[in-house]
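Here is the structure we will look at, set down as structure tokens.
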Amino acid sequence: MSLPTSDLKPKIGTAVHTTQEVLLSGQYAAQIRDLLEQRGVLLFPKMGFTDEQQLAFAQTLGEVIQQGLKGIYKITLDPKLNDTADYLHATTHWHIDGAQDTVPTRASMLTARVLSNVGGQTEFANTYAAYEDLPEDKKRLVDSLRVVHSQEFIQRALHPNPTEVQLARWREHPEQVHPMVWTHQSGRKSLVLGLTAGRIEGKSEEESRAILDELQAWATQPQFVYRHEWTVGDLLIWDNTGVMHRVEKYPADSGRLLSRTTLVGEEPIA
Ligand SMILES: [Fe+2]
């Protein structure tokens, strides 16, 4: 027996049709993990989990990162509810969570609590599919590239004309170098791109930017992207090791609120 599913787009996203009880039983955890890796995004429409249920479900899939209150991090731009809300403004740009770490988080799940009247849709791009569909000569080109990821590149997206003081502060954060192509332990390959990627080792700034921009545009073409229009109570999981994501801009005072639970990373980018 397997869970009933329907694909959202040919190359990314699958909706899973089931109940709270079935998910919380953990009996389909292996199927869900497998499906997540294959499809990048899993949607459980209007699942309606409480924070406690979401946490319990996450624990059937892997080890939960202890962040926020008991493993539930509040996604909101309201600084009264989240003292790191400021940081979330950068999430309107494509990124992989923890791309500045050696082992990025495995996956994250969100339950929508309050929606914004405008914006707030979340988009996901399948970086496995983007690599697999590259022409062979491009694959050979990117296979050997190594990319520098840093805080500076995130911040530059928000503050395009930084002062010397800002630059010096950003550069206090250590840089992280990753291969552009992640060869996973499964043998599958995905692209590692996004907001944190700023320079290619051994290339000039201009050449780096040109290559990164071209690949970023390739990887975020409509056929690789699923855009989620939220309904309150939706539960969605994305595979942070094979998907980039971003959110459509929404007003800071919109009240938009989602509960996020994140699974600990399991393999380094290599
Ligand atoms: Fe994120």
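For n ≥ 4 DSSP H runs only, could you compute -39500 (n - 2.57) per run for the chain, divide by its residues and tell me the 222 nm figure to the nearest 500?
Details: 8 runs with 72 residues, N = 270.
So the helix-based figure for the chain works out to -7500 deg cm²/dmol.
How long is the gain from Gln221 to Asp101 if the chain were fully straight, where each residue apart is worth 0.36 nm and the alpha carbon distance is subtracted?
Values: separation 120, 0.36 × 120 = 43.20 nm, distance 2.64 nm.
My answer for the length gained is 40.6 nm.
Hey, got the Cα dimensions of the chain along the principal axes, in Å, largest first?
Principal-axis extents of the chain (Cα, largest first): 54, 45, 31 Å.
Extension gain Ser144-Glu52, at 0.36 nm per residue separation less the Cα-Cα distance, in nm?
Stretched fully, the Ser144-Glu52 segment lengthens by 28.7 nm.
I'd like the accessible area for Asp234: 1.4 Å probe, protein heavy atoms, all chains in place, Å² to the nearest 10.
Estimated to the nearest 10 Å², Asp234 gives 10 Å².
With springs only between Cα atoms under 10 Å, which of His178, His228, His159 fluctuates most in a Gaussian network model of the chain?
Result for the chain, Cα springs under 10 Å: His159 fluctuates most.
Could you sort Lys46, Lys74 by their accessible area in this structure, using a 1.4 Å probe and putting the largest first?
Of Lys46, Lys74, the descending order of accessible area is Lys46, Lys74.
If ligands, DNA and RNA are left out, what is the accessible area of Thr183 with a 1.4 Å probe, given in Å² to the nearest 10?
Taking all protein chains as shown, Thr183 has close to 70 Å².
What accessible area per residue comes out for the chain, rounded to a whole number of Å², with a 1.4 Å probe?
Spelled out: the 1.4 Å probe surface of the chain, per residue, equals 47 Å².
Efficiency by 1/(1 + (r/R0)^6): what FRET value for Tyr87 and Gln185, r their Cβ-Cβ distance, R0 = 30 Å, to the nearest 0.05? Let's see the in-between values first.
On the way: r = 30 Å, r/R0 = 1.01.
For R0 = 30 Å, the calculated efficiency reads 0.50.
Relative to the present Cα-Cα distance, how much length would full extension add between Arg169 and Lys80 at 0.36 nm per residue of separation?
Here the answer is 29.5 nm.
Count of lysine pairs in the chain with Cα atoms under 28 Å apart, counting only pairs 8 or more residues apart in sequence or on different chains?
Summing the qualifying lysine pairs gives 23.
With θ set to phi - 60°, apply the Karplus curve 6.51 cos²θ - 1.76 cosθ + 1.60 along the stretch 142-150 and write out the HN-Hα couplings as whole Hz, x wherever there is a Gly or Pro.
Whole-Hz 3J(HN,Hα) from phi for the stretch 142-150: 7, 3, 9, 7, 10, 10, 8, 10, 7.
Can you give me the relative contact order of the chain as a percent, contacts being Cα pairs under 8 Å and 6 or more apart?
Once divided by the residue count of the chain, the mean separation gives 36 percent.
Taking the Cα centre as origin and putting +1 on Lys and Arg beta-carbons and -1 on Asp and Glu beta-carbons, what dipole magnitude results for the stretch 106-247, to the nearest 20 debye?
My answer is approximately 300 debye.
Could you please put Val177, Val118 in sequence from largest to smallest accessible area, using a 1.4 Å probe?
Solvent-accessible surface, decreasing: Val118, Val177.
Just reorder Glu229, Glu164 by solvent-accessible area, largest first, 1.4 Å probe, all chains present. Don't jump to the answer; show the numbers that get you there.
Values: Glu229 120, Glu164 145 Å².
I get Glu164, Glu229, largest accessible area first.
For the Cα atoms of the chain, what angle does the longest principal axis make with the long axis of helix 205-219, in degrees from 0 to 90, nearest 10?
The angle comes out near 30 degrees.
How much accessible area does His17 have with a 1.4 Å probe, in Å² rounded to the nearest 10?
90
So how strong a dipole does the chain carry about its Cα centre when Lys and Arg Cβ are +1 and Asp and Glu Cβ are -1, to the nearest 20 debye?
300
Starting from the Cα of Glu266, move 7 Å in the Cα-to-Cβ direction to define the label point; list residues of the stretch 121-153 whose amide nitrogen is under 13 Å from there.
What the label zone holds, given the 13 Å backbone N cut-off, is no residue at all.
For helix 51-61, what angle does its Cα long axis make with the longest principal axis of the chain, in degrees from 0 to 90 and rounded to 10?
Here the helix axis deviates by roughly 70 degrees.
Quick one: P(r) of the stretch 101-147 from all Cα-Cα pairs, 5 Å bins, percents rounded to integers, in order of increasing distance.
Whole-percent P(r) values from 0 Å outward: 5, 11, 15, 17, 15, 13, 11, 7, 5, 0.
The values are calculated or read from the model by the stated rules, or taken from the named source; none is laboratory data. Keep in mind the model is a prediction, meaning the values are calculated, not measured. Glycine gets a Cβ as well: all are built from the backbone with ideal geometry, and neighbour counts include every protein chain shown. Only protein heavy atoms, including side chains, enter the accessible area calculation; ligands, DNA and RNA are left aside. Shrake-Rupley method; radii C 1.70, N 1.55, O 1.52, S 1.80 Å.
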